[in-house]
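The values are calculated or read from the model by the stated rules, or taken from the named source; none is laboratory data. Given the structure is predicted, the values throughout are model-derived calculations rather than measurements. Every residue, glycine as well, gets a Cβ built from its backbone with ideal geometry; the counts of neighbours run over all protein chains shown. The accessibility values were calculated without ligands, DNA or RNA, using every heavy atom of the protein model including side chains. Shrake-Rupley method; radii C 1.70, N 1.55, O 1.52, S 1.80 Å.
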Amino acid sequence: SVFESQLKQEMWGICIFMAAVDLDEMTFTFTELLKCLKISVCKFLHLSKEIDVNMDTISTKVECTISRLKIKYNILLALYQKFTRFLFNISGKILQMEDDLVISFQLLLCVFDYCIRQLPPALLKEPYKSIIAVSGHGSSRTSRQGQNRSARTSKTETDIKVIEELCKEYDCSLDEVKNVYLTSFIPFLNSMGIATFRGLPEVEDMSSKYEEMYLKNKDIDARLFLEKDETLQYENRTPTKNQIEDFPIVPPQTPVRAAMNTIQQLMIILNSASDIPSDNLLFYFNNCTVNPHESIVKRVENMGIIFKNKFAEAVGQGCAEIGSQRYKIGVRLYYRVMESLLKSVCIFFFYSKLLNNDVFHISLLACALELVMATYASRNASQNVNVETDLSFPWIINILDLKAFELYMIVESFIKAEPSLTREMIKHLECCEHKIMESLAWQSNSPLFELIKQSKDREGQADEPEPANYFTQPLQHNHSAADLYLSPTKSPKKKVSSPFAYSFPESQKPYKSSSFINININTDLTLFVIYKQISPPVYCLAYRRLNNLCLRLLPDHPELEHLIWTLFHHTLQNEYELMKDRHLDQIMMCSMYGICKVKNIDLRFKTIVTAYKELNNANQETFKCVLIREGQYDSIIVFYNMVFMQRLKTNILQYASNRPPTLTPIPHILQSPYKFSNSPLRVSAGNNIYVSPLKNPSKFSEGLLSPTKMTPRTRILVSIGESFGSSEKFQKINKMVCNSDRHLKRSPELSTTPKPLKRLRFDIEGQDEADGR
């Protein structure tokens, strides 16, 4: 049929694109491909996903390229209104990484400012009409000498009025936009030979300049937005008839608005913070045995140079000062949280050691900077998650040369020390914790492997399981930064003598305690304590993911989950070398397959992979690219056959006998150690009803919207404490809430085993999941 013929042509075209990317032989642009195939960006993304699901042939390189195209398209779409090619030229010339939505939008405001000041007041609305009338700019002309001087000097008080009004209207930081204007926009005008008050540039000139960049990048021709080209049409979800008639849908928050609101929330937190140590911090510094003030300031300065340079490398050299500005925001948060942490360390000896610990300071600064980077990151508004970019975690620990588990040490204390963090900020830091526990802490250069060995030797439990009640006790999230960085331990079974160890004599204890305190900055013992803190959360994360996968794959065999968990835990505890440069989920999937194999349950690896891909934390690289031996990577089935099964064959076969190994207790699972007191609660999946505490009225003046202004188009808006008329709204809300099932339900796809992928590259005919038996 015609439809099948068109679909075949589209698939061939996408395959040609993928081959060209893999071979670095791109002789056409992405837009030219879309034009040839007569498809939109959205359809291309959908079809490429279908190809991956059916054949699993997309390489990492292609996947990365498609991801970047998607990000760029979404940001261009978010920025597009009724603008000329001016903005596209600027963002393309200034930004190496065009997926920075915030900088792109700030550049857009600079374009607004430029265009407004070229127009006569009669064509403008208030308040811009009055501003331009007072400034006397409009479409005035100046001498060539005056033009060049205007383009190279800072904005005057009168000039700043337009951009100040724009920042106010769009809730942007004036300082940040001024920084972008002076460090990026003005240099761009100069490079293009355009003066500040010369007038609007010729469309043909701008289009010609853009054409050069477009053909060089071979990606999306953003000029087609202006022509409403079908290749750039986007999906518009149409509400159902019932939703339209009963409860109009509140338009989703745009990516730009989401980014601006998140930044504004951070600025409110840092409203009173400074990028230099406060008087309270100086008091702590002066009372230390060794005053750390000079070293702290010097460290902040050195880290700032590194951050600025690395930020410029990733985003563009023209954005170096923007990186410096974001670093200063991170430093303000760093000092603020440091002061809060020190208030919980009541003994001067403790904080004296803490403040002279390099790792503590770099970890705390990295945590603050990561939060700032995430706040400014592009967001997927529909899923409320950050979009992965070159600046995404673990970028910050890589540039600061910090080990992943060292950052892990500070995250919980950081969150508890700053109660003003929003739910999104906390969830992001928690996500960083998970990435560390699942893979980053298991990299080959990590000392974690030696720590595990030392832990076993220290406790004399090299071949013994954890105590029976170890997993059934709730996780205790009450350790502080001092606990982790100074290594306080309750009388260890094997005391380690060290010239750096210090213990208070019984008569000189600063506070009552049933056991002595051993403050030891010896690296081995400190890392030992870290390991004892990180291992329980690792087990809990591992079991939570295993439980999720079992619900999807083994609903008819619930008894197998405990067996799989026992093998999974045994591997992590006793065969921990298998985790080196690998991922927690790889061991999980191999454990599941191994137990099902010996129990004669027909569960193939491709079925496991199919279900795994649906998990929130899933990444295709996890099962596509697994370390086999040094320098060699292959699929997870090859890893199972050549590595996992060879190491654990004897243990796995025990589960087929009448006397299987003793089962490991199921961990006590908590959703999160952090409380989200101000988080909105969605009570109905079918209706737009949210319940959340009323924000502090004093914050409305600082830029936060009041409840009555947040959803202007809904008929079910009720703000407690304000007059809302009749009780009809409450009755409708009560009816919907009462009819809502608020208990977690297993989704339909969980009740049956997922349909396996049609063909996987790692399924080789004649070598179907051999397990060495």
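Just a few scattered comments:
- Within the set 44, 17, 28, the sole residue that is out of contact with any Pro (no Cβ under 7 Å at 6 or more places or on another chain), closer than 23 Å to residue 224 by Cα and not in a helix (DSSP H, G or I) turns out to be 28.
- Single residue of 35, 43 found to be of a type outside the set (A, V, I, L, M), touching a residue at least 40 places away in the same chain (Cβ under 8 Å), farther than 25 Å from residue 621 by Cβ and outside the structural domain of residue 624 (by the TED database): 35
- Residue, nearest to residue 270 (Cα to Cα), within the stretch 405-419, restricted to residues that are open to solvent by less than 10 Å² (accessible area, probe 1.4 Å) and without any contact (Cβ under 8 Å) to a residue 60 or more places away in the chain: 411
- Residue that is nearest to residue 415 (Cα to Cα), among those in the stretch 329-364 that are in contact with a Pro (Cβ under 7 Å, 6 or more places away or on another chain) and modelled with pLDDT of 90 or more: 335
- Positions within the stretch 420-429 being open to solvent by 10 Å² or more (accessible area, probe 1.4 Å), assigned to a helix (DSSP H, G or I) and touching a residue at least 12 places away in the same chain (Cβ under 8 Å), in sequence order: 423, 424, 426, 428
- The set of residues in the stretch 653-662 that are within 17 Å of residue 559 (Cβ to Cβ) and open to solvent by less than 80 Å² (accessible area, probe 1.4 Å) comprises 654, 655, 656, 657, 660, 661.
- Output for the stretch 238-284, where each listed residue is basic (Lys, Arg) and at pLDDT 75 or above: 257
- Note on the stretch 160-181: among residues that are in contact (Cβ under 8 Å) with a residue 60 or more places away in the chain and hydrophobic (A, V, I, L, M, F, W, C), the one that is surrounded by the most Cβ atoms within 10 Å (Cβ to Cβ) is 180.
- Of all residues in the stretch 402-444, those that are more than 19 Å from the chain's Cα centre (by Cα) and under 25 Å from residue 569 (Cβ atoms) total 3.
- Within the stretch 1-52, if we keep just the residues that are surrounded by fewer than 14 Cβ atoms within 10 Å (Cβ to Cβ) and among the small types (Gly, Ala, Ser), the residue that is modelled with the highest pLDDT turns out to be 19.
Yes/no per residue for (1) within 22 Å of residue 419 (Cβ to Cβ); (2) of a type in the set (Gly, Ala, Ser); (3) assigned by the TED database to the domain that holds residue 187:
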{"site": "277", "(1), (2), (3)": "yes, no, no"}
{"site": "282", "(1), (2), (3)": "no, no, no"}
{"site": "298", "(1), (2), (3)": "no, no, no"}
{"site": "302", "(1), (2), (3)": "no, no, no"}
{"site": "310", "(1), (2), (3)": "no, no, no"}
{"site": "317", "(1), (2), (3)": "no, no, no"}
{"site": "320", "(1), (2), (3)": "no, yes, no"}
{"site": "344", "(1), (2), (3)": "yes, yes, no"}
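- Residue list for the stretch 625-668, restricted to those being in contact (Cβ under 8 Å) with a residue 60 or more places away in the chain and under 16 Å from residue 438 (Cβ atoms): 625, 636, 667
- Selected residue (criterion: modelled with the lowest pLDDT) from residues of the stretch 285-294 that are in a helix (DSSP H, G or I) and open to solvent by 60 Å² or more (accessible area, probe 1.4 Å): 286
- Among the residues listed as 457, 463, the single one being out of contact with any Pro (no Cβ under 7 Å at 6 or more places or on another chain) and modelled with pLDDT of 60 or more: 457
- The residues of the stretch 297-309 that are over 16 Å from residue 103 (Cα atoms) and surrounded by 18 or more Cβ atoms within 10 Å (Cβ to Cβ), listed by number, are 300, 303, 304, 307.
- Whichever residue in the stretch 568-622 is charged (D, E, K, R), more than 19 Å from residue 51 (Cα to Cα) and outside any helix (DSSP H, G or I) and, among such residues, is least open to solvent (accessible area, probe 1.4 Å): 582
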